[in-house]
């Protein structure tokens, strides 16, 4: 089962990805994580990544596709979740070609649809544990004990500098400009499913599970 999760910053892709990893044995392919892992690996591809990043340049699509190919060849019991890729039509087509070459396919593309203003409020109150990365919110999900992480007991927390209303609206605009063509592309292929990302986490999870179960049937 190979899927793409689409959605703007804060739509809940990370939360749902972690759940799918834990419950279905899927592997999350995050572009950022793959680049950092490759850089640290010392492999030939990793050295290319390091050279590009050290120059301050953007990593090319060819390199990212190469990293994805390595992961796909390793295999995963539950399949893969593509996170942060593709972002453009060219990348979507390159991913299609790679999957076809490896005898694989995409089973579903799930768009987490959101209300922009509600999302701005959601993200503006977001903070994470500096130790384990667990995500909290000032009002929607504070720590059980003030100033102490529920998961690891850490007492240091951080907020993204751009998690403010003005920056968030700009990031949303950039997301929609880049992603709109992908929505049409995957809709035309019959792969696109829209889920209301503003619903409670459990309801979103149940809807995603229903989509995946249906896709698995055929």
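Choose one answer from 144, 169, 87: the residue with the largest mean-square fluctuation in a GNM of the chain with alpha-carbon springs under 10 Å.
Largest GNM mean-square fluctuation: 144.
Indicate the gyration tensor shape class of segment 120-161 (rounded, prolate or oblate), computed on the Cα atoms with a ≥ b ≥ c the square roots of the eigenvalues: a/c under 1.5 is rounded; otherwise a/b larger than b/c is prolate and the rest oblate.
Note, shape of segment 120-161 comes out oblate.
Answer with a single label: of (1) 1.40; (2) 1.06; (3) 0.96, which was calculated as Cα Rg over 2.2 N^0.38 Å from the structure in view?
Given (1) 1.40; (2) 1.06; (3) 0.96, the calculated one carries the label (2).
Looking at the chain as a GNM with Cα springs under 10 Å, which of 140, 38, 205 has the largest mean-square fluctuation?
140
Hey, in the GNM for the chain with a 10 angstrom Cα cutoff, which one of 59, 109, 21 fluctuates hardest?
So, out of 59, 109, 21, the one fluctuating most is 59.
Listing 49, 135 from the residue with the fewest other Cβ atoms within 10 Å to the one with the most, what is the order?
Neighbour counts put them in this order, fewest first: 135, 49.
Could you grab the relative contact order for the chain? Cα pairs under 8 Å, six or more apart, rounded to a whole percent. Walk me through the numbers on the way to the answer.
Working: 272 pairs, mean separation 56.3, N = 218.
Relative contact order comes out at 26 percent.
Among 17, 43, which comes first, second and so on when ranked by fewest other beta-carbon atoms within 10 Å?
In order of increasing Cβ crowding within 10 Å: 43, 17.
Each value in this text was obtained by applying a stated rule to the coordinates, not by laboratory testing. None of the values given here were measured: they were computed from a predicted structure. Quick reminder, even Gly has a Cβ in these numbers, built from the backbone with ideal geometry, and neighbours come from all protein chains shown.
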